[in-house]
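First the structure, in the form of C-alpha cells, and then the observations on it.
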C-alpha cells in the first residue's frame, strides 16, 4: 500500500518556529512531527510514502535521507497551494495503483491504520474516513454516520452545535481507492469540502470511529498538547521523564519543569519555572 502524507502548508499558526523549520520537521520530544505521523503506519503493509510538501522541501528531503525506513519515501513538491484534494491528485503519477492511504501531516493519534484498512476492504466503497468523537463539533467537518452499516450518509462543515448531525468529526486519515480521482476537478480543491459529499451521495463513503488519542498539532496550544500526549504514551527513545515533563539529553535543568518538554542541550537557570511549554533544542532560560 502507498501512503500520501499531506504536509504542504506553511505552518503560519506555529510561527516563529516555522520561519526556519518546516512544520513537518518540528521536534516533538526526540523525533520530528512527521515521524510521529508515520509511526501509526503498519510497516509490513507499506510500500511507499509520498510526502506532499510545498515549503521547506529540500530540508524535508535531506531529513529523510538520514533516516533508515523500511519503505521508499518520495517528496512530491507543490509549486503552488493545491488544497488537500489537489495535493492528492498531484501525487497520482507516483502511486502504484490500488488502495492507498492519506494522512494529514500534523496528527498525533492512536489510530490503528491496519484495522482501518481491513474495515475498508470488508465494507467496500471508494473512501473510508477516520472519525473522532468530540463534545463540540462546531469547528469541524461532521459526519452523519450510520453505525449499523458503517456508512457516512452526509457531511457538514462547521455546523452550529444544535444542528450537527453527530459528534463524530473527520479525524484526518483516509483509505482511498483509485476511483476517487474520478470525482476530482483539475487544480486546487478540498477533498473534505468538494469531494466527500459527492461520494457520500453514491453510498460509497465509510466511516471508521476510533478511540484513544487524537491531537491536531497545528497550533501552539495543541503542539504542547501533542508533546504531552507523547510523554504520556511513551513515544520517545531518548531522554527521561521527570514528573510530567520530558527532559532531553544533555540538559542542565536547575529550575522546575511542569507539563513541559525540554529538547536536548537546553539550559534552565536556577529558580526558573517552565509550565506547559515546549522548549526546543539548545535554548537557554535564564535564572530567576
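The values are calculated or read from the model by the stated rules, or taken from the named source; none is laboratory data. All of these numbers come straight from a predicted model, not from anything done at the bench. So basically every Cβ, Gly included, is an ideal-geometry build from the backbone, and we count neighbours across all protein chains shown.
In the stretch 192-199, the condition of being modelled with pLDDT under 90, assigned to a loop (DSSP other than H, G, I, E, B) and within 25 Å of the chain's Cα centre (by Cα) is met by no residue. Of all residues in the stretch 194-208, those that are out of contact with any strand residue (DSSP E or B) (no Cβ under 8 Å at 6 or more places or on another chain) and surrounded by fewer than 17 Cβ atoms within 10 Å (Cβ to Cβ) total 3. In this entry, residue 176 passes the filter for residues that are within 24 Å of residue 77 (Cα to Cα) and in contact with a strand residue (DSSP E or B) (Cβ under 9 Å, 6 or more places away or on another chain). Residues of the stretch 40-83 that are in contact with a strand residue (DSSP E or B) (Cβ under 6 Å, 6 or more places away or on another chain), assigned to a helix (DSSP H, G or I) and buried (at least 16 other Cβ atoms within 10 Å of the Cβ): 57, 60, 64. In a residue-by-residue description of the stretch 262-270, the property of being in contact with a helix residue (DSSP H, G or I) (Cβ under 9 Å, 6 or more places away or on another chain), part of a loop (DSSP other than H, G, I, E, B) and either modelled with pLDDT of 90 or more or more than 13 Å from residue 228 (Cα to Cα) (or both) applies to no position. Restricting attention to the stretch 10-39 and to residues that are outside any helix (DSSP H, G or I) and surrounded by fewer than 20 Cβ atoms within 10 Å (Cβ to Cβ), the residue that is nearest to the chain's Cα centre (by Cα) turns out to be 39.
Taking residue 103 as the residue in question, decide whether it is surrounded by 22 or more Cβ atoms within 10 Å (Cβ to Cβ), in contact with a strand residue (DSSP E or B) (Cβ under 6 Å, 6 or more places away or on another chain), farther than 25 Å from residue 38 by Cβ and modelled with pLDDT of 95 or more.
Working: surrounded by 22 or more Cβ atoms within 10 Å (Cβ to Cβ): yes; in contact with a strand residue (DSSP E or B) (Cβ under 6 Å, 6 or more places away or on another chain): yes; farther than 25 Å from residue 38 by Cβ: no; modelled with pLDDT of 95 or more: yes.
When the stated conditions are applied, residue 103 does not pass them.
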